[in-house]
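Novice: One structure coming up, written as structure tokens, with questions to follow.
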Amino acid sequence: MRKQINVFLFLKRRLSVSMTNQIKAILIDLSGTLHIEDDPTPNALEALARLQARSEIQIKFVTNTTKESKCFLLNRLTQIGFKVQESEIYSSLSAARKLIDEKQLRPFFLIDKRALEDFEGVPTHDPNAVVVGLAPDEFHYENMNKAMRLLHNGAQLIAIHKARYYKRSDGLALGPGPFVTALEYASDLKAEIVGKPSADFFLSSITDISCQPSQCIMIGDDAKDDIEGAQSVGMKGILVQTVALSNGFLWTYHTILETIIIQNFVHLVNSYQLFHMFYLD
Amino acid sequence: MFALLNRNIKAVILDITGVLKDSGPHGGTPIKGSIEALNRLYSSGLHLRFCTNETTVTRHTLVSQLRSLGFTIDEEKVFPPIPAMCTILKDRNLRPHLLVHPDALPDFKDIDQSNTNCVVIGDATHQFTYENINRAFQCLMNFEKPILFSLGKGKYYQEDGELILDVGPFMKALEYATGVTAEIVGKPSLAFFNTVLNDIGISAHEAVMVGDDIVNDVGGAQACGLAGVLVRTGKYRKPDDNHPDVKPDAIFDNLEKFVDCLLQDKQ
């Protein structure tokens, strides 16, 4: 209980100035925040249900994924026990789809076959863009050469995200970032990154909700992708320590203005309700 | 003595791929006029060396291929990165995990590759698969003190009329993933050019480097004190004429035009 009150005081201090605007939306990261693999994080099921019970709060589930389609994400969340609508999910693939449609791009896709579901109907003849996700089967020499030639002929380079590596059963494995970097170097181009932490990602994720970024809270377990990214567009950022962090790392991110570190997702909901009891209700 | 841009030139150092020949199957094809141009350079009495970042074959194979294409060339005048790499590995007692072309492996035959403590990446072409790059990445992440060597850092070169990726982009991928900065062996490293100059026994300002890579041949040579000449063959692209960082001492359409100009200026 003491820890929760501390969090409350922290919230009060950091949020009070701008909380004259009521919070209208909460953006929640998925893996590492709401669940870890197929299990919810501690008390996340009830915490989310309590948030969902408040009709004035819109919820968006925002995630960096390069291979899981919206439908796949929805099924997994439902199976874990969360009650989620497909329209509440906004992923880096959704952001890529949005950009492709807006700019009428005809991409050469270097993405996992499972993710192609989110790009149904997108024209791919005579490519004028290269879209890169995490696709070990596609990252071979011929495809990398083809991508480089397209970029030299004027195609745009779009990265779903630029993660360096991820954990695989046999140890660390390369993420999409190194391959994006390879293509950037070979073509003297900078990739447009559509996932977190890009500012456009956070702004696009709330376009179907009538609210300002300052009325949004982003909660996630990645200090850079979730917190810095959300703060860059004026949202509040709350870092959850679902995974233990080293002291040095914690110290660095304690110093980020407006960042609040809480132990896990359920504490946010507890603190948030305390906050509302005192200030809004 | 030959004059080029107010220098007394005693030695000409030539890049091979993109200057003498284009790459392709069976050693590629000679670039028009380059066989005769090379023979005229030999007759001129100038010192000649060949400085290449070629790592898809052994030095021996490279020289045999050039001879069968019609070039006059001796193996000891050719400086590719792998022999220089092997000297460094021995000097520093390093045992490499190799991500290189299979055809280049015989040049590493004297190198201990057990219990590895560094990674060497070359132009591995079709060996650049996700799993192979990942193995190099995992090695670097597991080393106590990760060391990455890259045999050159070229972005791309031309083969069969198309651009193909060189080692550089894959080196950058490993650098980005691991946070390690690669040590370059080959052009444009200072040590590599100095090895060639020492072999001739002249100082940098007496030599000219001719290449098709604006950054690694021309820029690298200039940074080392040599004159840097760009030829518009091989991987040359139009924007290279106005490169933001590198201004060649001269630009010629091909090796033949360079030799015409150099030998015409004979004093």
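The values are calculated or read from the model by the stated rules, or taken from the named source; none is laboratory data. The structure displayed is predicted, hence computed values, not measured ones. As a convention, Cβ positions derive from the backbone with ideal geometry for all residues, glycine included, and neighbour counts pool all protein chains shown. Side chains are part of the model used for accessible areas, which takes the heavy atoms of the whole protein and leaves out ligands, DNA and RNA. Shrake-Rupley method; radii C 1.70, N 1.55, O 1.52, S 1.80 Å.
Novice: Please find, within region A:115-160, the residue that is nearest to the chain's Cα centre (by Cα) out of those that are closer than 28 Å to A:LEU73 by Cβ and of a type in the set (D, E, K, R).
Specialist: Among those that are closer than 28 Å to A:LEU73 by Cβ and of a type in the set (D, E, K, R), it is A:ASP118.
Novice: Then there's this: Quick one: A:HIS276 ticks every box in (1) in contact with a helix residue (DSSP H, G or I) (Cβ under 8 Å, 6 or more places away or on another chain); (2) away from chain B (no Cβ under 14 Å); (3) open to solvent by less than 40 Å² (accessible area, probe 1.4 Å); (4) modelled with pLDDT under 90 bar one, so which box is it?
Specialist: (1)
Novice: Let me confirm something: among B:GLU159, B:GLU183, B:GLU175, which residue is over 20 Å from the mean Cα position of the chain (by Cα) and either in contact (Cβ under 8 Å) with a residue 12 or more places away in the chain or at negative phi (or both)?
Specialist: B:GLU175
Novice: Something else now. Is region A:60-72 home to any residue that is under 28 Å from A:GLY121 (Cα atoms), in contact with a strand residue (DSSP E or B) (Cβ under 8 Å, 6 or more places away or on another chain), touching a residue at least 40 places away in the same chain (Cβ under 8 Å) and basic (Lys, Arg)?
Specialist: Checking region A:60-72: at least one residue is under 28 Å from A:GLY121 (Cα atoms), in contact with a strand residue (DSSP E or B) (Cβ under 8 Å, 6 or more places away or on another chain), touching a residue at least 40 places away in the same chain (Cβ under 8 Å) and basic (Lys, Arg).
Novice: Applying the selection to region A:178-192, what residues are surrounded by fewer than 22 Cβ atoms within 10 Å (Cβ to Cβ) and more than 24 Å from B:HIS243 (Cβ to Cβ)?
Specialist: The answer is A:GLU192, and nothing else.
Novice: Next question, about the same structure. Criterion first (in contact with a Gly (Cβ under 9 Å, 6 or more places away or on another chain) and either at pLDDT 95 or above or open to solvent by less than 10 Å² (accessible area, probe 1.4 Å) (or both)) does B:PRO96 satisfy it? Please lay out each step first, then the result.
Specialist: Details: in contact with a Gly (Cβ under 9 Å, 6 or more places away or on another chain): no; either at pLDDT 95 or above or open to solvent by less than 10 Å² (accessible area, probe 1.4 Å) (or both): yes.
In short, no.
Novice: Would you call B:LYS145 within 14 Å of chain A (Cβ to nearest Cβ), more than 20 Å from B:ASP22 (Cβ to Cβ), of a type in the set (Lys, Arg) and open to solvent by 10 Å² or more (accessible area, probe 1.4 Å)? Break it down stepwise before answering.
Specialist: Working: within 14 Å of chain A (Cβ to nearest Cβ): no; more than 20 Å from B:ASP22 (Cβ to Cβ): yes; of a type in the set (Lys, Arg): yes; open to solvent by 10 Å² or more (accessible area, probe 1.4 Å): yes.
Criteria not met by B:LYS145.
Novice: What residue, of B:ASP212, B:ASP217, B:ASP166, is within 12 Å of chain A (Cβ to nearest Cβ) and in contact (Cβ under 8 Å) with a residue 40 or more places away in the chain? Before you say what the answer is, go through the steps one by one.
Specialist: Numbers: B:ASP212 fails: within 12 Å of chain A (Cβ to nearest Cβ); B:ASP217 fails: within 12 Å of chain A (Cβ to nearest Cβ).
Exactly one of B:ASP212, B:ASP217, B:ASP166 is within 12 Å of chain A (Cβ to nearest Cβ) and in contact (Cβ under 8 Å) with a residue 40 or more places away in the chain, namely B:ASP166.
Novice: Within region A:113-160, how many residues turn out to be in a loop (DSSP other than H, G, I, E, B), within 22 Å of B:PRO169 (Cα to Cα) and open to solvent by 30 Å² or more (accessible area, probe 1.4 Å)?
Specialist: 8
Novice: Of (1) in contact (Cβ under 8 Å) with a residue 24 or more places away in the chain; (2) open to solvent by less than 30 Å² (accessible area, probe 1.4 Å), B:THR61 satisfies all except one. Which?
Specialist: Among (1) in contact (Cβ under 8 Å) with a residue 24 or more places away in the chain; (2) open to solvent by less than 30 Å² (accessible area, probe 1.4 Å), the lone unmet condition for B:THR61 is (2).
Novice: Please give the number of the condition B:ALA104 fails out of (1) within 14 Å of chain A (Cβ to nearest Cβ); (2) over 20 Å from B:ASN93 (Cα atoms).
Specialist: (1)
Novice: Related question: Out of (1) closer than 19 Å to B:ILE82 by Cα; (2) of a type in the set (Gly, Ala, Ser); (3) facing another protein chain (nearest Cβ under 8 Å), the odd one out for B:ALA177 is which?
Specialist: Of everything listed in (1) closer than 19 Å to B:ILE82 by Cα; (2) of a type in the set (Gly, Ala, Ser); (3) facing another protein chain (nearest Cβ under 8 Å), B:ALA177 misses just condition (1).
Novice: Right, here's the next one. In this structure, is A:GLY175 within 14 Å of another protein chain (Cβ to nearest Cβ) and open to solvent by 30 Å² or more (accessible area, probe 1.4 Å)?
Specialist: Here the answer is no, as A:GLY175 does not meet what is asked.
Novice: While we're on this one: Please pick out the residue among A:THR181, A:THR242 that is modelled with pLDDT under 95 and among the polar types (S, T, N, Q).
Specialist: Values: A:THR181 fails: modelled with pLDDT under 95.
Going through A:THR181, A:THR242 in turn, the sole match is A:THR242.
Novice: Let me ask something else about it. Examine region B:114-126 for a residue that is within 11 Å of chain A (Cβ to nearest Cβ), surrounded by fewer than 18 Cβ atoms within 10 Å (Cβ to Cβ) and at pLDDT 95 or above, and state whether such a residue exists.
Specialist: yes
Novice: I've got another one for you. From B:ILE111, B:ILE82, grab the single residue that is at pLDDT 95 or above and under 15 Å from the mean Cα position of the chain (by Cα).
Specialist: Unique residue meeting the criteria: B:ILE82.
Novice: Being open to solvent by 50 Å² or more (accessible area, probe 1.4 Å) and hydroxyl-bearing (Ser, Thr, Tyr) is the filter; apply it to region A:61-112 and report the residue that is farthest from A:LYS162 (Cα to Cα).
Specialist: This residue is A:THR78.
Novice: Might you let me know whether region B:43-52 holds any residue that is open to solvent by 40 Å² or more (accessible area, probe 1.4 Å), modelled with pLDDT of 95 or more and not in a helix (DSSP H, G or I)?
Specialist: Taking every residue of region B:43-52 in turn, at least one turns out to be open to solvent by 40 Å² or more (accessible area, probe 1.4 Å), modelled with pLDDT of 95 or more and not in a helix (DSSP H, G or I).
Novice: Would you point out the residue of region B:127-154, among those that are over 20 Å from A:TYR141 (Cα atoms) and of a type in the set (Phe, Trp, Tyr), that is modelled with the lowest pLDDT?
Specialist: B:PHE143
Novice: To continue, here is another question. Within region B:129-147, work out how many residues are free of Cβ contacts under 8 Å to residues at least 24 places away in the same chain and within 25 Å of the chain's Cα centre (by Cα).
Specialist: 1
Novice: Let me ask another. Does any residue of region B:127-138 turn out to be open to solvent by 40 Å² or more (accessible area, probe 1.4 Å), within 8 Å of chain A (Cβ to nearest Cβ) and assigned to a loop (DSSP other than H, G, I, E, B)?
Specialist: Yes; the residues of region B:127-138 include at least one that is open to solvent by 40 Å² or more (accessible area, probe 1.4 Å), within 8 Å of chain A (Cβ to nearest Cβ) and assigned to a loop (DSSP other than H, G, I, E, B).
Novice: Right, another one. A:LYS167 fails exactly one of the following numbered conditions: (1) surrounded by fewer than 18 Cβ atoms within 10 Å (Cβ to Cβ); (2) away from chain B (no Cβ under 12 Å). What is the number of that condition?
Specialist: Only one criterion is unmet by A:LYS167, namely (2).
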